[in-house]
Structure formats: structure tokens, C-alpha cells
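K.L.:
Handing you a structure now.
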Amino acid sequence: SQSAGITGLKMYSFASIPLPPNDSGVGAARSGNLTFMVGGVEDEFAAAQELLGCMAVGTGQAAKICNNMLLAISMIGTAETMNFGIRLGLDPKLLAKILNMSSGRCWSSDTYNPVPRVMDGVPSANNYQGGFGTTLMAKDLGLAQDSATSTKSLILLGSLAHQIYRMMCAKGYSKKGFSSVFQFLREEETF
């Protein structure tokens, strides 16, 4: 580890952080694109302002739950859209290519597609093993829900995402990656 020279603040190199194999940060760390969301006392962060954008205690957590809420919403939207397109007769690889060249493009569609056989090296290519877990996503969405309640913030889609990921945990998806929402949606179709 490397100290940033600020009392109470330590910065760690990617090489010194042992990431578990089921953490979606592994791929980002390998490619040099891992994002750290941190917060702390403003005075202690002043010297590191160039590196760290969150300047108050709790803002790292706030940024994390905001990011993960958006990630959950976009993954559900991508899964639902891909499922709908497949039901309409579109080839999933072709549909992903079209979406990723269009205004619907997002990280969930172009980097972490939830549909098996659309991309290599992602959890959907490995029966949804690895990556950021469904249980962790449900936990973060619960934190978002609690924070929204305490700040009187309306998070309609975040609340729906929380319900979906909680249902997934209850129906046996708790040990799978959060992109397994595609599989969950397909299995929940009853009409």
C-alpha cells in the first residue's frame, strides 16, 4: 500500500488490493479502470483533491449507492429489452450490436451484456457465476431505498429495482451475478 501523506487517508495501488474472484472490480482493475468512491473529512482530503472528488464524510457511500442504483436499473432495462427483442424474433448478437451503436447503449449492454452467448468473459457466458452478486445488489438497493426515505427522495425505478433483486434472492438467484436478471425475467414469464 502507498500512503497519500494525509492523516487517516491511505491510497492503495491496484496490485495491493486482493479482490475476490466474484467481485466485478477484478476486470476493471486489470484494465486500469477501477473506480474508487470514497469520502472523508474535507480538510484531510484537500491535499488529494485532484484524485478524489468526494469531499465530505459519507459522500463515497452516497456515490456508491447512486451508481449501483443506476447500474441495477440499466441492467434490468437491458435484460428486459434483450428478452423482448428475442421474443420479437431478433438475433441477440445482432440486437446487442444495434443497441450498442444507438442511443440505448449503456455499460450493461456493451460491456456486461446479460444474455448468454452474446459476449465472452462476462457472467452471462458462465451461467452467471462471478461478477457483482445479486445479494450485494439487493443490499445496495436497500441502502438506496433507506437513504431515499430519509431524504424524502422519489426513486420510483430504484424502488422497483430493489423489489426485483429481492425477489431474485428469494427465488434462488442469490449466489449468481446481478446480470442473471435476464434469466430471472425469462423464467418469470407465464403467459
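The values are calculated or read from the model by the stated rules, or taken from the named source; none is laboratory data. Small disclaimer: the values here were computed from a predicted structure and weren't measured. Here Cβ is always computed from backbone atoms with ideal geometry, including for glycine, and neighbour counts include all displayed protein chains. The protein model used for the area step is the full one, side chains on, heavy atoms only, and it has no ligands, DNA or RNA in it. Shrake-Rupley method; radii C 1.70, N 1.55, O 1.52, S 1.80 Å.
K.L.:
Taking the stretch 98-115, which residues are outside any loop (DSSP other than H, G, I, E, B), out of contact with any Asp or Glu (no Cβ under 7 Å at 6 or more places or on another chain) and without any contact (Cβ under 8 Å) to a residue 40 or more places away in the chain?
P.N.:
The answer is 98, 99, 107, 109, 110.
K.L.:
Does residue 95 satisfy the criteria of being among the aliphatic types (A, V, I, L, M) and either under 23 Å from residue 166 (Cα atoms) or assigned to a helix (DSSP H, G or I) (or both)?
P.N.:
yes
K.L.:
Look through 89, 121 and report the one residue that is open to solvent by 60 Å² or more (accessible area, probe 1.4 Å) and either among the β-branched types (Val, Ile, Thr) or in contact (Cβ under 8 Å) with a residue 40 or more places away in the chain (or both).
P.N.:
Step by step, each of 89, 121 is checked, and only 121 is open to solvent by 60 Å² or more (accessible area, probe 1.4 Å) and either among the β-branched types (Val, Ile, Thr) or in contact (Cβ under 8 Å) with a residue 40 or more places away in the chain (or both).
K.L.:
Considering each residue of the stretch 168-186, count those that are in contact with a helix residue (DSSP H, G or I) (Cβ under 8 Å, 6 or more places away or on another chain), in a helix (DSSP H, G or I) and open to solvent by 60 Å² or more (accessible area, probe 1.4 Å), and give that number.
P.N.:
Residues in the stretch 168-186 being in contact with a helix residue (DSSP H, G or I) (Cβ under 8 Å, 6 or more places away or on another chain), in a helix (DSSP H, G or I) and open to solvent by 60 Å² or more (accessible area, probe 1.4 Å): 2 in total.
K.L.:
Output yes when any residue across the stretch 146-164 is under 16 Å from residue 183 (Cβ atoms) and open to solvent by less than 30 Å² (accessible area, probe 1.4 Å), and no when none is.
P.N.:
Checked the stretch 146-164: no residue is under 16 Å from residue 183 (Cβ atoms) and open to solvent by less than 30 Å² (accessible area, probe 1.4 Å).
K.L.:
Quick one: count up the residues across the stretch 124-143 that are assigned to a helix (DSSP H, G or I), open to solvent by less than 40 Å² (accessible area, probe 1.4 Å) and not β-branched (Val, Ile, Thr).
P.N.:
Qualifying residue count, the stretch 124-143: 6.
K.L.:
Moving to a separate point now. From the list 105, 117, exactly one residue is charged (D, E, K, R), over 16 Å from the mean Cα position of the chain (by Cα) and at pLDDT 95 or above. Which is it?
P.N.:
117
K.L.:
Just a yes or no: is a residue in the stretch 47-69 at pLDDT below 95, touching a strand residue (DSSP E or B) at 6+ places or on another chain (Cβ under 7 Å) and open to solvent by 80 Å² or more (accessible area, probe 1.4 Å)?
P.N.:
Within the stretch 47-69, one or more residues are at pLDDT below 95, touching a strand residue (DSSP E or B) at 6+ places or on another chain (Cβ under 7 Å) and open to solvent by 80 Å² or more (accessible area, probe 1.4 Å).
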